[in-house]
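*Asks:* Have a look at the structure that comes next, please.
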Amino acid sequence: MSEVDLDALRERLTALQWRVTQEAATEPPGTGPYLNEKRLGTYRCVVCGAELFAADTKYDSGSGWPSFTDPAGDSTVAENQDRSLGMVRTEATCASCGAHLGHIFPDGPGPGGMRYCINGAALEFDADE
């Protein structure tokens, strides 16, 4: 993104949304806006609006963050190695704009066995009508 785009983005996002998506921060567990969301719909990237997850793949992992079994498509969520905090993890980013979303762990209940542990601050939700 150009400097002008970053300035506009910083103005549009809340401070927490900025820290999570642009600085790879993590919202405190149990505080995200979609942790207890049960409606059907689509979760999108708060930065660019790209479709990331369908609500029917969301489940309660007990982790304190919204968790999903699968992304909305094969090329919607990018995976990157994260070596921060003295550990090796798989970071989830928006494949469209590169925004930090959260992390991916191999302990999910779905057929692929993955848990997409995503910061609610990185998401916006479009409920089905």
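The values are calculated or read from the model by the stated rules, or taken from the named source; none is laboratory data. As the structure is a prediction and not an experimental result, all values here were calculated from the model. No Cβ is skipped: glycine too gets one built from the backbone with ideal geometry, and neighbour counts run over all protein chains shown.
*Asks:* Provide a single number: the residues in segment 35-64 that are within 12 Å of Cys117 (Cα to Cα) and touching a helix residue (DSSP H, G or I) at 6+ places or on another chain (Cβ under 7 Å).
*Replies:* The total comes to 1.
*Asks:* Test each condition in (1) modelled with pLDDT under 95; (2) of a type in the set (Gly, Ala, Ser); (3) surrounded by fewer than 19 Cβ atoms within 10 Å (Cβ to Cβ) for Gly32 and report the one that comes out false.
*Replies:* Of (1) modelled with pLDDT under 95; (2) of a type in the set (Gly, Ala, Ser); (3) surrounded by fewer than 19 Cβ atoms within 10 Å (Cβ to Cβ), only one is false for Gly32: (3).
*Asks:* Just wondering, is there one or more residues in segment 60-74 that are free of Cβ contacts under 8 Å to residues at least 24 places away in the same chain, in contact with a strand residue (DSSP E or B) (Cβ under 9 Å, 6 or more places away or on another chain) and farther than 18 Å from Pro33 by Cβ?
*Replies:* Yes.
*Asks:* Are any residues in segment 83-101 among the small types (Gly, Ala, Ser), farther than 12 Å from Val47 by Cα and either in a loop (DSSP other than H, G, I, E, B) or at pLDDT 95 or above (or both), and if so, which ones?
*Replies:* Within segment 83-101, just Ala92 meets the criteria.
*Asks:* Do we find that Val47 is surrounded by 12 or more Cβ atoms within 10 Å (Cβ to Cβ), out of contact with any Cys (no Cβ under 7 Å at 6 or more places or on another chain) and either on the phi < 0 side of the Ramachandran plot or of a type in the set (A, V, I, L, M) (or both) in this structure?
*Replies:* No, not satisfied.
*Asks:* Would segment 54-63 turn up any residue that is buried (at least 20 other Cβ atoms within 10 Å of the Cβ) and assigned to a strand (DSSP E or B)?
*Replies:* yes
*Asks:* Still on this structure: Search segment 102-129 for residues being in contact (Cβ under 8 Å) with a residue 60 or more places away in the chain, within 12 Å of the chain's Cα centre (by Cα) and part of a strand (DSSP E or B), and hand back the single one that is surrounded by the most Cβ atoms within 10 Å (Cβ to Cβ).
*Replies:* Gly102
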